[in-house]
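The values are calculated or read from the model by the stated rules, or taken from the named source; none is laboratory data. Every value quoted in this text rests on a predicted model; they were computed, and no experiment measured them. Positions of Cβ are backbone-derived with ideal geometry, glycine not excepted, and every protein chain shown enters the neighbour counts.
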Amino acid sequence: MPKPQSPFIDKVREKIRLKHYSIRTEESYVSWIRKYILFHNKQHPSKLGKEHLEQFLTDLAVNKNVAPSTQNQALSALVFMYKQVLEIEPPWVENAVRAKPRKNLPVVLTKVEVQRLLKELRPSFQLIGRLLYGTGMRLMELARLRVKDIDFGYKSIIVRNGKGAKDRVVMLPDSLLTPLKEHLTERKKIYEKDLKNGHANVFLPNALARKYPNAQNEWIWQYAFPSSKISEDPRTGIKRRHHVFEQSIQRAIRQATRDAGIVKKVTPHTLRHSFATHLLESGYDIRTIQDLLGHKHVQTTMIYTHVLKQGAGGVQSPLDSLTV
């Protein structure tokens, strides 16, 4: 039996959808707003002010020991609730102090480790892993990749609506041209079966769905890497084939890391970090890498220069000059 929703949470979802936020953002915001309400003994948010917001954020940091990024995510959800749902904008909402994010150096694999990792990936995730490393795409950028955005002629991939709602172009590695073509041939067979069974109506953002009402059933709009099963869209109730689930890719990467004997904390994002670092090692300039990664500020990309300063790429230890 479905869990009953409160009218307030329904209103939160309505506002989020009016803003065309993703389903991931919707679930995240709703979850944090629920936790905020429960933390204050189910009081209506309209009765909760500055001190209540501070108490909740303090509890997250002190008692729950969450990361600064998690605390800031919670704050973003609550700022949205006050401004967009309750339509109140007291100064304390906008001026709430955000946690200072930790500046951690990214985990980077050597080229040998990348080779070992990719070799250990299960066959169904081999191409995904090679694309993550070969293009520097983020996990969700690859998961949401559409057939139409793969350009074999120009050996490029257009990343649509990446972080910061920006499009960018990344390279399509020569070594993946044939494997990707073969993959899409098999992918089209799945599409044709879905079309026959009435499940080819892929998700499109609202504006595109209105502008191109028939596009949702067309081949070019299909996800390049689909889910293995048909599922129900949580917003519309329509049964369709979604893109590959990010958790599936994450699990595959973790298992391959163990199988390869790599003693580092590796995630799909580690392949993006390795992509950027290896380009720097090969002599590519920082601005080119910034464009490929889709970073707004070059300072974000500069972190990979710090990675290169570690170990062999940095200062020699005085121990190595001693004869012991």
Options 189, 229: the member that is in a helix (DSSP H, G or I), in the same structural domain as residue 271 (by TED's automatic domain parsing) and not hydrophobic (A, V, I, L, M, F, W, C): 189
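Could you list, in sequence order, all residues of region 277-294 that are of a type outside the set (A, V, I, L, M, F, W, C) and either touching a residue at least 40 places away in the same chain (Cβ under 8 Å) or not assigned by TED's automatic domain parsing to the domain that holds residue 167 (or both)? Break it down into steps so the answer makes sense when it comes.
First pass over region 277-294, keeping only residues of a type outside the set (A, V, I, L, M, F, W, C): 277-278, 281-285, 287-288, 290-291, 294.
Matches in region 277-294: 277, 278, 291, 294.
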How many residues are aliphatic (A, V, I, L, M), crowded, with 18+ Cβ neighbours inside 10 Å and assigned to a helix (DSSP H, G or I) when one looks only at region 140-175? 2
Would you point out which residue out of 132, 127 is at pLDDT 95 or above and within 30 Å of residue 71 (Cβ to Cβ)? 132
Looking only at residues in region 199-219 that are more than 20 Å from the chain's Cα centre (by Cα) and among the hydrophobic types (A, V, I, L, M, F, W, C), which one is surrounded by the fewest Cβ atoms within 10 Å (Cβ to Cβ)? 207
Counting just the residues of region 220-245 that are crowded, with 19+ Cβ neighbours inside 10 Å and among the aliphatic types (A, V, I, L, M), which one comes out farthest from the chain's Cα centre (by Cα)? 224
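Tell me the residue from 38, 48, 75, 86 that is at pLDDT 90 or above and touching a Leu at 6+ places or on another chain (Cβ under 7 Å), please. Break it down stepwise before answering.
Values: 38 fails: touching a Leu at 6+ places or on another chain (Cβ under 7 Å); 48 fails: touching a Leu at 6+ places or on another chain (Cβ under 7 Å); 86 fails: touching a Leu at 6+ places or on another chain (Cβ under 7 Å).
Residue meeting the stated conditions: 75.
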Inter-residue pairs, beta-carbon under 9 Å, first closer than 15 Å to residue 227 by Cβ and in region 176-195, second among the basic types (Lys, Arg), 6+ apart: 190/241; 191/241; 194/240; 194/241
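Looking only at region 176-198, filter to residues that are touching a Leu at 6+ places or on another chain (Cβ under 8 Å) and within 14 Å of residue 146 (Cα to Cα); which one of those is surrounded by the fewest Cβ atoms within 10 Å (Cβ to Cβ)? Give the derivation first.
Going through region 176-198, the residues touching a Leu at 6+ places or on another chain (Cβ under 8 Å) turn out to be 176, 179-180, 183.
Right, trim to within 14 Å of residue 146 (Cα to Cα) and you get 180, 183.
Working: 180: 20, 183: 17.
Once the filter is applied, the top-ranked residue is 183.
Go through 67, 61 for me and flag whichever is among the aliphatic types (A, V, I, L, M), within 30 Å of residue 258 (Cα to Cα) and not assigned by TED's automatic domain parsing to the domain that holds residue 300. I'd like the intermediate steps shown before the answer.
Working: 61 fails: within 30 Å of residue 258 (Cα to Cα).
Residue meeting the stated conditions: 67.
Looking at region 43-85, which of its residues are among the small types (Gly, Ala, Ser) and closer than 26 Å to residue 17 by Cβ?
Going through region 43-85, the residues among the small types (Gly, Ala, Ser) turn out to be 46, 49, 61, 67, 69, 74, 76-77.
Across region 43-85, the qualifying residues are 46, 69, 74, 76, 77.
Rundown of residues vs (1) under 14 Å from residue 220 (Cα atoms); (2) in contact with a helix residue (DSSP H, G or I) (Cβ under 7 Å, 6 or more places away or on another chain); (3) assigned by TED's automatic domain parsing to the domain that holds residue 295, yes/no style:
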| residue | (1), (2), (3) |
| --- | --- |
| 151 | yes, no, yes |
| 167 | no, no, yes |
| 177 | no, no, yes |
| 202 | yes, yes, yes |
Residue count for region 251-265, restricted to those that are under 21 Å from the mean Cα position of the chain (by Cα) and surrounded by 15 or more Cβ atoms within 10 Å (Cβ to Cβ): 4
Hits in region 65-88 - residues which are surrounded by 12 or more Cβ atoms within 10 Å (Cβ to Cβ) and charged (D, E, K, R): 83
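Starting from residues that are assigned to a helix (DSSP H, G or I) and of a type in the set (Gly, Ala, Ser), keep the ones in region 60-78 and report whichever is nearest to the chain's Cα centre (by Cα).
Of region 60-78, the ones assigned to a helix (DSSP H, G or I) are 60-62, 68-78.
Narrowing the set further to residues that are of a type in the set (Gly, Ala, Ser) leaves 61, 69, 74, 76-77.
Numbers: 61: 24, 69: 14, 74: 17, 76: 17, 77: 18 Å.
Per the stated criteria, the residue is 69.
One line per residue, one yes/no per condition, for (1) touching a Pro at 6+ places or on another chain (Cβ under 9 Å); (2) modelled with pLDDT under 95:
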position	(1), (2)
168	no, yes
186	no, no
190	yes, no
201	no, yes
210	no, yes
220	no, no
